[in-house]
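Student: This is the structure I have questions about; it appears just below.
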Amino acid sequence: MNSDTSHTLDVNTSLGMSRLTVDAAADAHSVLWLGHGAGGGIEALDLAALAATLPARGITVVRYEQPWRLAGKKVAPRPAALDAAWLEVAPIVRTIHAGIPLITGGRSAGARVACRTAEAVSAAAVICLAFPLHPPAHPERSRADELLMPRVPVLVLQGERDAFGSADLVASAIADTESITTVSIPGADHSMAVLKSSPYTPESTANLITASVAAFIERL
């Protein structure tokens, strides 16, 4: 793509209307396609920071709003429906990244979708923001198998205080899997928010996330 622009594109799916928000880089070398979580939209701190920052580094950022979210529903559908809508939109995203690598990812539930569908969309890598390793207070219900599904490099950015699985717990769950890199976000919870008493700030958290993602993509 050859212009610094931001625009939206509504895409109809079998599950309803969805939306792509494209923050385009001039002379992009990569495209990062991100999905939102089950409790929020594309305005989440980490997703918004990536969209605002990465285009200047040659990475076009495409944020995807699932049909249920666009329809104003409060509860996300089952994983199979999330995957289906994501896969139906993939051909449109391919027109955006024609000829350059596609990296997929997302936050929380969106990260799970990206892991499950990485092979189907021919992703060059996967980026997981706040991967929900287990439901809160139920560490025995691990989703580590999903995190291990991609056969491409994976970057996991996980808050120290994440109730869905701390950074240390994620690192332990993947053991010595060489294709997965874990970055601990100091003081952050599942929303990447830090306490007011914390020495870390929303700005420093966003900077760490964007720098880590940019460096990971540029190493590919």
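The values are calculated or read from the model by the stated rules, or taken from the named source; none is laboratory data. Being a predicted model, the structure only gives us computed values, none of them experimental. Because the Cβ atoms are built from the backbone with ideal geometry, glycine has one as well, and the counts that use them run over all protein chains shown. Surface accessibility is based on the protein's heavy atoms, side chains included, excluding ligands, DNA and RNA. Shrake-Rupley method; radii C 1.70, N 1.55, O 1.52, S 1.80 Å.
Student: Any idea which of A114, A52 is within 18 Å of L20 (Cα to Cα), open to solvent by less than 50 Å² (accessible area, probe 1.4 Å) and modelled with pLDDT of 95 or more?
Tutor: On the way: A52 fails: open to solvent by less than 50 Å² (accessible area, probe 1.4 Å).
When all the criteria are applied, what remains is A114.
Student: While we're here: Looking only at the stretch 179-206, which residues are touching a Gly at 6+ places or on another chain (Cβ under 7 Å) and either polar (S, T, N, Q) or open to solvent by 20 Å² or more (accessible area, probe 1.4 Å) (or both)? Full working, then the answer.
Tutor: The first filter runs over the stretch 179-206 and keeps only residues touching a Gly at 6+ places or on another chain (Cβ under 7 Å), leaving 185, 188-190, 192, 194-195, 198, 200.
Of everything in the stretch 179-206, those that are touching a Gly at 6+ places or on another chain (Cβ under 7 Å) and either polar (S, T, N, Q) or open to solvent by 20 Å² or more (accessible area, probe 1.4 Å) (or both) turn out to be D189, H190, V194, L195, S198, Y200.
Student: What are the pairs, 6+ residues apart or on separate chains, where a residue within the stretch 124-135 that is under 16 Å from T205 (Cα atoms) and open to solvent by 10 Å² or more (accessible area, probe 1.4 Å) has its Cβ under 7 Å from a residue that is part of a strand (DSSP E or B) and not acidic (D, E)?
Tutor: none
Student: Okay, moving on. Quick check on the stretch 12-32. Is at least one of its residues among the acidic types (D, E), in contact (Cβ under 8 Å) with a residue 12 or more places away in the chain and open to solvent by 50 Å² or more (accessible area, probe 1.4 Å)? Before you say what the answer is, go through the steps one by one.
Tutor: First, the residues of the stretch 12-32 that are among the acidic types (D, E): 23, 27.
Restricting the remaining residues to those that are in contact (Cβ under 8 Å) with a residue 12 or more places away in the chain gives 23, 27.
Cutting the leftovers down to open to solvent by 50 Å² or more (accessible area, probe 1.4 Å) gives us 27.
For the stretch 12-32, residues among the acidic types (D, E), in contact (Cβ under 8 Å) with a residue 12 or more places away in the chain and open to solvent by 50 Å² or more (accessible area, probe 1.4 Å): present.
Student: I'd like the residue in the stretch 146-178 that is open to solvent by 50 Å² or more (accessible area, probe 1.4 Å) and of a type in the set (G, A, S) and, out of all such residues, is nearest to the chain's Cα centre (by Cα). Before you say what the answer is, go through the steps one by one.
Tutor: Step one: filter the stretch 146-178 for residues open to solvent by 50 Å² or more (accessible area, probe 1.4 Å), giving 148-149, 151, 153, 160-161, 163-164, 168-169, 172, 175-176, 178.
Okay, now just the ones that are also of a type in the set (G, A, S), so 163, 172, 175.
Working: A163: 18, S172: 21, A175: 22 Å.
The residue in question is A163.
Student: With the checklist (1) over 14 Å from the mean Cα position of the chain (by Cα); (2) buried (at least 19 other Cβ atoms within 10 Å of the Cβ); (3) modelled with pLDDT of 95 or more; (4) under 22 Å from W33 (Cα atoms) in hand, flag the one item I209 doesn't pass.
Tutor: That leaves (1) as the condition not met.
Student: How many residues, within the stretch 1-50, are more than 20 Å from V213 (Cα to Cα) and among the β-branched types (V, I, T)?
Tutor: Matching residues across the stretch 1-50 total 4.
Student: Restricting attention to the stretch 39-57, does a residue exist that is in a strand (DSSP E or B), in contact with an Asp or Glu (Cβ under 9 Å, 6 or more places away or on another chain) and either closer than 24 Å to V152 by Cα or basic (K, R) (or both)?
Tutor: Of the stretch 39-57, the ones in a strand (DSSP E or B) are none.
No, every residue in the stretch 39-57 fails to be in a strand (DSSP E or B), in contact with an Asp or Glu (Cβ under 9 Å, 6 or more places away or on another chain) and either closer than 24 Å to V152 by Cα or basic (K, R) (or both).
Student: Here is a follow-up. Tell me which residues, restricted to the stretch 85-120, are in contact (Cβ under 8 Å) with a residue 40 or more places away in the chain, within 22 Å of L148 (Cβ to Cβ) and not polar (S, T, N, Q).
Tutor: First, pick out the residues of the stretch 85-120 that are in contact (Cβ under 8 Å) with a residue 40 or more places away in the chain: 85-86, 88-89, 92-93, 96-97, 100-111, 113-114.
Pick out the ones that are also within 22 Å of L148 (Cβ to Cβ) and you get 86, 101-111, 113-114.
Selection gives W86, P101, L102, I103, G105, G106, R107, A109, G110, A111, V113, A114.
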